[in-house]
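Asks: Can you keep this structure in mind? I'll have questions shortly.
Since every read-out is calculated from the coordinates, none of them should be taken as a lab result. Because the structure is a prediction, the values reported are computed rather than measured. All Cβ positions, glycine included, derive from the backbone under ideal geometry; neighbour counts span all protein chains shown.
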Amino acid sequence: MSEKREYTLYIGPNHPGIEGNYALRLSLEGDIIKKCNTEGGFLHRGFEKLMEQRLWIQNIAIVCRICVPDPDPNENNYARCIEALSGMEIPERAKFIRSLVLELSRIGSHLFTLGGIAATTGIYTMPNWSIAARDRILELFEALTGGRVYHLYTVPGGVRRDLPNGFKDKVLKTMDYIEARLPEYDSLVFENPVFVQRTRGTAVISKETALEWGVTGPNLRACGIAEDVRKNQTYEAYDQIDFNIPTFDGGDCYDRARIRRAEIAESINIVRQLINKMPEGPVWAKIPNPLKWKVPAGEVFIRTESSKGEYGYYMVSDGGRKPYRVNVKGASMTHGTFVLENMLKGARIEDASLIMFSLDACPPEIDR
Amino acid sequence: MKVSEIIYEIKKHFDVLSIDEKNEKYAQIEINEKDLRNVLLHCKHNMNFIHLSAISSVDYIKDNKFSLVYNLFSYKESILLGIKILINREKAEIATINDIYHPAIFFERDIHEMLGINFIGNNHLEKFILDEWDGPPPMRKDFDTLEYVNDTFDWYEYDPEWAKKLGIKKEDLAGEEMEIL
């Protein structure tokens, strides 16, 4: 028998079982994880410092890159901070278009994550299917904004341009397509005995622990707490839309996967309502000359619901042409660090990737 | 419940230096540094602010201060409350609050790394992002990125062969600096 019982294993920073570039340093005894340390910094681009050296309008090109799979909440949050500081009202139609963009982005991101969760349990068909479905969302974005992954579409004062001709029909067709695919995902993943066995009861977070740890978004709703920034501090056009917050009580990996599937269905409902209720009118309020724009002095903290959880931007203006400080709080700053570290304690090595994907931790958000 | 009622409650027990009420459901107040822990405990246990959304820090170099803003959210009342304190820039340290709000454990680590504020009692302040960096905390306002690049890296002349063949001058290859910046 070997004397050495405990050994260290790195998963990442480049590993198919890790979302983005991120490392987990695991102390193992047999195949049981005794301790986990997360190591970030592989995606650090110094965005917060960069933003202090750019004009208000230039930063739109930076903020969307903070979260790669779900960039639009960043643009939206940044724009709403500036609007709050300068007391700007945006046109009603722009609010609807912004909400539409946010929901499409949410569906795309959840499809990505669903594929990831299923792949970590060995169901490699799911990422092929769901990423193909996500591609249809990216095509919509290409038609709307010209960009597939980064859109630079939501700008202070509204959105960059109006919907192109025939766009509404395209969106509705894509929604019908994705909705028709959902039962197939159910039979492939959620009714699959292998998946159920692997995920049921794995990495359970109780309600009390979730609240204490500051878990937000879908991960919190999988513990049975119906909290959503879209409802509890509503923004854009969400107050005019009738939608539910899906919840599950298990708090395990299975429910964290299932909640994302339920949210896709709910987002499809929201998108349809947005398309039907969308008023006519302008899409961009007049803003000052962006090259000379001085945003009034002040400080504000604004939150958005992203597909990962609660986003927050803290912005300080000193009345100059550049932000004095922009501090970004990504949802994964809690999920990807100590929540993940605590969940992995006592878990088995083969579940490490599953747990990380089920929490939907997004490393670029943590590193910024 | 409105945020003004919450502030009225806090005022009964603690000094509130300034109030910035944005709307019915969001306000930011400034309090004394010494009251911070007690205010947070009061907010958490008596007023349902169970969620710490973020801690943000700003370097006010002209006033020789750092600000720390603790953004709390109450799920019950749907109220967002920012609690701001100012601390001395020279002796940048303050007691940790991760025993009150667990998520602070990472927010404090991040601020310690980026602004160099020491959180007494937080045992998890090791480097996370900048583990190969030995310069000053980069988010401080006196850290100039351009100056650092000029001091650390050598510039080299960009004069490629393809440009010579086409007769393009070296000066024309360099981009012009934007005047607005």
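Asks: Treating only the Cβ of Lys, Arg, Asp and Glu as charged (+1, +1, -1, -1), what charge dipole size does chain A show about its Cα centre? Round to the nearest 20 debye.
Replies: Numbers: 47 positive and 48 negative charges, 207 e Å.
Charge dipole of chain A: 1000 debye, to the nearest 20.
Asks: Please enumerate, by chain and number, the lysines with C-alpha under 21 Å from the C-alpha of A:K95, excluding those fewer than 8 residues away in the same chain.
Replies: Once the sequence-local lysines are set aside, what remains near A:K95 is A:K168, A:K170, A:K231, A:K277, A:K286, B:K22, B:K25.
Asks: Here's a follow-up. So how do A:Y177, B:Y26 line up by other beta-carbon neighbours within 10 Å, fewest first?
Replies: On the way: A:Y177 11, B:Y26 22.
Least crowded to most crowded, the residues run A:Y177, B:Y26.
Asks: On average over all directions, what projected area in square nanometres does the stretch B:24-89 have, based on the convex hull of its Cα atoms?
Replies: 4.5
Asks: To continue, here is another question. Using only the Cα atoms of the stretch A:76-183, each taken as one equal point scatterer with no solvent, compute I(q) by the Debye sum, divide by I(0), and report log10 of the ratio at q = 0.10, 0.12, 0.15, 0.18 Å⁻¹.
Replies: Result of the Debye calculation: -0.35, -0.48, -0.70, -0.90.
Asks: Here's a follow-up. Taking the Cα centre of the stretch A:169-284 as origin, work out the dipole magnitude from +1 charges on Lys and Arg Cβ and -1 charges on Asp and Glu Cβ, in debye rounded to 20.
Replies: Its charge dipole is roughly 260 debye.
Asks: Quickly work out the B:Y75-to-B:W133 label distance, labels modelled 7 Å from Cα along the C-beta direction, and quote it in nm with one decimal.
Replies: For B:W133 paired with B:Y75, the spin-label model returns 3.4 nm.
Asks: Looking at the stretch B:71-155 from every direction and averaging, what is the projected area of its Cα convex hull in nm²?
Replies: For the stretch B:71-155, the mean projected area of the Cα convex hull comes to 7.7 nm².
Asks: Please report Rg (one decimal) and Dmax (integer) in Å for the Cα set of the stretch B:62-117.
Replies: Rg, Dmax (Cα atoms, Å): 12.8, 39.
Asks: Between A:F167 and A:A180, what is 0.36 nm times their sequence separation minus the Cα-Cα distance? Round to one decimal in nm.
Replies: Gain in length upon complete extension: 2.7 nm.
Asks: Using a simple spin-label model with points 7 Å from Cα along the Cα→Cβ vector, what separation in nm is obtained for B:E33 and A:A61?
Replies: 4.1
Asks: As an exercise, use a Förster radius of 22 Å and the Cβ-Cβ distance of A:E266 and A:S187 to find the FRET efficiency, rounded to the nearest 0.05.
Replies: About 0.60, to the nearest 0.05.
Asks: For B:K34, give me every one of the lysines with a C-alpha distance below 19 angstrom, ignoring sequence neighbours fewer than eight places off in its own chain.
Replies: Candidates past the 8-residue exclusion: B:K11, B:K12, B:K44, B:K65, B:K84, B:K91.
Asks: Taking the Cα atoms only, what angle lies between the long axis of helix A:253-277 and the longest principal axis of chain A, rounded to 10 degrees?
Replies: Computed tilt is about 20 degrees.
Asks: Among A:W56, A:W293, which comes first, then next, by fewest other beta-carbon atoms within 10 Å? Could the numbers behind the result be given before it?
Replies: Details: A:W56 26, A:W293 16.
By the 10 Å Cβ count, ascending: A:W293, A:W56.
Asks: For chain A, what's the relative contact order in percent, using C-alpha pairs closer than 8 Å and at least 6 residues apart?
Replies: It comes to 27 percent, rounded to a whole number.
Asks: Could you compute Rg(Cα) / (2.2 N^0.38 Å) for the stretch A:1-137, with N its residue count?
Replies: Rg over 2.2 N^0.38 Å, computed on Cα atoms: 1.43.
Asks: Considering all projection directions equally, how large on average is the shadow of the alpha-carbon convex hull of the stretch A:272-368, in square nanometres?
Replies: Dividing the Cα hull surface by four gives the mean projection, 9.9 nm².
Asks: Quick one: length gained pulling A:K231 to A:V204 fully straight, 0.36 nm per residue minus the C-alpha distance? Walk me through the numbers on the way to the answer.
Replies: Values: separation 27, 0.36 × 27 = 9.72 nm, distance 2.57 nm.
Going from the current span to full extension adds 7.2 nm.
Asks: Within straight cross-link reach of B:K164, meaning Cα distance under 13 Å, which aspartates and glutamates are found once same-chain residues fewer than 8 apart are removed?
Replies: B:D172
Asks: Mind sorting B:F66, B:F73 by how few other Cβ atoms lie within 10 Å of their own Cβ, fewest first?
Replies: Going from sparsest to densest Cβ surroundings: B:F66, B:F73.
Asks: Determine, from the Cβ-Cβ distance of A:E92 and A:Y7 and an R0 of 60 Å, the FRET efficiency 1/(1 + (r/R0)^6), rounded to the nearest 0.05.
Replies: Approximately 0.50, to the nearest 0.05.
Asks: Further question on the same structure: Output needed for chain B: three equivalent-ellipsoid semi-axes, defined as square roots of 5 times the C-alpha gyration tensor eigenvalues, in descending order, whole Å.
Replies: Output for chain B: semi-axes of 45, 20, 15 Å.
Asks: Would you mind calculating the gained length between B:F153 and B:D63 on full extension (0.36 nm times residue separation, minus the Cα-Cα distance), in nm to one decimal? Numbers along the way, then the final one.
Replies: Values: separation 90, 0.36 × 90 = 32.40 nm, distance 3.25 nm.
Taking B:F153 through B:D63 to full extension adds about 29.2 nm, to one decimal.
Asks: Hey, how much of the P(r) for the protein assembly as shown falls beyond 45 Å, as a percent of Cα pairs?
Replies: Taking all Cα-Cα pairs of the protein assembly as shown, the fraction more than 45 Å apart is 15 percent.
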